[in-house]
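Here's the structure we're looking at; comments come further down.
FYI, it's all coordinate maths here, none of it is from the lab. Predicted model only: the values in this text are computed from it and were never measured. We place every Cβ from the backbone using ideal geometry, glycine too, and count neighbours over all the protein chains shown.
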Amino acid sequence: MRQADVSRNTLETRIHVAINLDGTGVAKLSTGVGFFDHMLDQIARHGMIDLMIDAVGDLHIDAHHTVEDVGITLGQALAKALGDKKGLRRYGHAYVPLDEALSRVVVDLSGRPGLVFNVPFTRAAIGEFDVDLIHEFFQGLVNHAGISLHIDNLSGVNAHHQAETVFKAFARALRMAIETDARAAGAIPSTKGSL
């Protein structure tokens, strides 16, 4: 069972994440940040990952600590659920459009954290949500999941559409990377013998 349950408590946030990589896309999300919950729902639904996230953060300041710490905790849960990564495809990629917006995401479950983030948002906020926090979320996630992630928004006018294509493409790329490969016969997909 590729599942994990992780909690992270600091003076700024209390985060609990439960993940099932072999789920059906069920999400139970409560971060106190509506737009962020909407984006996390894309990861669950399009990644076919069951995802439960309960976050209480210092939203009286802003959403930064909550969003970043959810990324950190989700990354920890993903790493734990993946285990030794035997028999996985390892690599995943996806192009996802939404009307005028198009994003490409490529992921490598390499064991090494790395983020390349090229998303020229057309405005600084979506409602009250600061778009800079999307980078912070993915940085926290890759640092703690130990994955290499390339995110490129190729076109877009509507910032909501840009963000949604990023999260949907991430979900689809991750879904591909975590799939088991029958031809791999349980081997670790690396010449090093470990990831």
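Could you calculate the FRET efficiency of V157 with L59 from 1/(1 + (r/R0)^6), where r is the beta carbon distance between them and R0 is 45 Å, rounded to 0.05? Working from the Cβ atoms, E equals 0.95.
Can you give the % of DSSP beta bridges in the chain that are antiparallel, to the nearest 5? Present the calculation step by step, with values, prior to reporting the outcome.
Numbers: 33 of 42 bridges.
Of the beta bridges lying entirely in the chain, close to 80 percent run antiparallel.
Which values, in whole Å and largest first, are the semi-axes of the equivalent ellipsoid of the range 3-184 obtained as the square root of 5 times each eigenvalue of the Cα gyration tensor? Numbers along the way, then the final one.
Details: eigenvalues 108, 86, 37 Å².
Largest first, the range 3-184 gives 23, 21, 14 Å.
Between the residues T191, V119, A169, the greatest Cα displacement towards the positive end of the dipole of the chain, with unit charges on the Cβ of Lys, Arg, Asp and Glu, is found for T191. Each Lys and Arg Cβ is given +1 and each Asp and Glu Cβ -1; about its Cα centre, the range 126-180 then shows a dipole of about 300 debye. Compared with the dominant Cα axis of the chain, that is its longest principal axis, helix 159-178 is turned about 10°.
Here the range 27-87 and the range 124-172 have alpha carbon centers that stand 13 Å from each other. Karplus-derived 3J(HN,Hα) values for the range 97-111, using 6.51 cos²θ - 1.76 cosθ + 1.60 with θ = phi - 60°, are x, 8, 6, 7, 9, 9, 10, 10, 10, 10, 10, 10, 7, 6, x Hz; glycine and proline are entered as x. The angle between the Cα long axis of helix 34-47 and the longest principal axis of the Cα atoms of the chain comes to about 20 degrees, rounded to the nearest 10.
Placing +1 on each Lys and Arg Cβ and -1 on each Asp and Glu Cβ, with no other charges, gives the chain a dipole about its Cα centre of roughly 1040 debye.
Of K168/K192; K28/K80; K28/K86, which pairs sit farther than 23 Å apart, going by alpha carbon to alpha carbon?
K168/K192; K28/K86
The angle separating the long axis of helix 132-145 from the principal Cα axis of greatest extent in the chain is about 20 degrees. Helix content alone sets the calculated 222 nm mean residue ellipticity of the chain: runs of n ≥ 4 DSSP H residues at -39500 (n - 2.57) each, divided across all residues, give -11500 deg cm²/dmol.
Return T24, T191, T180, T31 ranked ascending by Cβ neighbour count within 10 Å, so the fewest neighbours appear first. Intermediate results must be reported in sequence, preceding the final value.
Numbers: T24 10, T191 5, T180 13, T31 23.
Result, fewest neighbours first: T191, T24, T180, T31.
Listed values for the range 188-195 are Karplus-derived 3J(HN,Hα) couplings in whole Hz (6.51 cos²θ - 1.76 cosθ + 1.60, θ = phi - 60°), namely 7, x, 7, 5, 6, x, 7, 10, and x replaces Gly and Pro. In percent, rounded to a whole number, the relative contact order of the chain is 26, using alpha-carbon pairs under 8 Å and six or more apart.
If you take the square roots of the eigenvalues of the alpha-carbon gyration tensor of the range 11-76 and sort them as a ≥ b ≥ c, do you get rounded (a/c under 1.5), prolate (a/b over b/c) or oblate? All intermediate terms of the calculation are to be shown ahead of the outcome.
Values: a/c = 2.58, a/b = 1.83, b/c = 1.41.
Here the range 11-76 falls in the prolate category.
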